[in-house]
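Report on the structure given below.
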Amino acid sequence: MKGSNYHIKRDDRVMVIAGSEKGKIGKVLRVYPKKDRAVVERVNMIKRHSRPSAAAPQGGIIEKEGPIHISNLKVVCGKCSEATRTGIKALEDGRRVRVCKSCGEMIDQV
């Protein structure tokens, strides 16, 4: 699955389905296809110690989101508001779109 297209994209609302953060919902900030991981807003928070620099004159402990494996995430449908699998459907005009497997609602263009 390395380097292929994913069911998760940047700015999707996703739910964590496994691990210590199970059940949390957030927006995807970044996707790392080569590592099969994604960074989700306010999920998997980690602490990093930083030296004083121009960007952070004080230095100290910085808390930020850590990457989580993409297999532990499911897209949250806007219509039925539940974590769901996604499928791809071709429209009459030739566009391909992601659809919710539960309710059939269009999520967005592929």
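Taking the average, over residues, of other Cβ atoms within 10 Å as the packing measure, peptides 27-39, 59-71 rank 27-39, 59-71 from highest down.
Taking every Cα-Cα distance in the chain and sorting them into 10 Å bins from zero, the calculated P(r) comes out as 14, 37, 29, 13, 6, 1 percent. The charge dipole of region 1-76, taken about its Cα centre with unit charges on the Cβ atoms of Lys, Arg (+1), Asp and Glu (-1) only, comes to about 140 debye.
Taking 0.36 nm per residue of sequence separation and removing the Cα-Cα distance, the Ala54/Arg95 pair yields an extension gain of 10.1 nm.
Throughout, read-outs are computed from the coordinates displayed, never taken from laboratory work. Computed from a predicted structure; not experimentally measured. Every residue, glycine as well, gets a Cβ built from its backbone with ideal geometry; the counts of neighbours run over all protein chains shown.
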